[in-house]
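The values are calculated or read from the model by the stated rules, or taken from the named source; none is laboratory data. From a predicted model like this one, the values you see are computed outputs, not experimental measurements. We place every Cβ from the backbone using ideal geometry, glycine too, and count neighbours over all the protein chains shown.
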Amino acid sequence: MFRAVFRLSSIGARSVALSRPCYSAPLASRCYSHGKVETDEEFDARWVTYFSRPDIDAWELRKGMNTLMEYDLVPEPKVVDSALRACRRLNDLASAIRILEAVKEKAGPYKEIYPYVIQELTPTLSELGIPTPEELGLDKL
């Protein structure tokens, strides 16, 4: 396979040369990132810190939750707790309920995960005055 190489000057293209690509032997393995692998605790701490920022606004809250929900995991209760507290600081009940709905959706077929998360969040939900989607009857729709 050949590549065309154009040599340009002030008056336009001067010449066209064909060159062969310089390939060495094929690589036996892919080059992946050699960065530090984040542990589960560091991952959770990063998200708790993100949602605990006092200057977080509604857009950043939604962006953070959307990004978090893109991962192939159900967020830990401490991460959800910090997100719910951010909702309370923003006085945004709708987002708080949507977060609980998203956690239920992420739990998917694993029916024991969502009740565990709600059990862990019960003191926070009571403290902040946030009803669960089930208390509002949203699970019946």
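Of all residues being modelled with pLDDT of 95 or more and β-branched (Val, Ile, Thr) in the range 19-55, which is nearest to residue 94 (Cα to Cα)? Just the residue, please.
Per the stated criteria, the residue is 48.
State which residue is farthest from residue 49 (Cα to Cα) when the search covers only the range 64-84 and only residues that are out of contact with any helix residue (DSSP H, G or I) (no Cβ under 7 Å at 6 or more places or on another chain) and not polar (S, T, N, Q). Write out each step before concluding.
Of the residues in the range 64-84, the ones out of contact with any helix residue (DSSP H, G or I) (no Cβ under 7 Å at 6 or more places or on another chain) are 66-67, 70-73.
Filter once more, keeping what is not polar (S, T, N, Q): 70-73.
Working: 70: 19, 71: 18, 72: 20, 73: 18 Å.
Among those residues, the one meeting the criterion is 72.
Can you find even one residue in the range 61-78 that is in contact with a Ser or Thr (Cβ under 8 Å, 6 or more places away or on another chain) and surrounded by fewer than 15 Cβ atoms within 10 Å (Cβ to Cβ)?
yes
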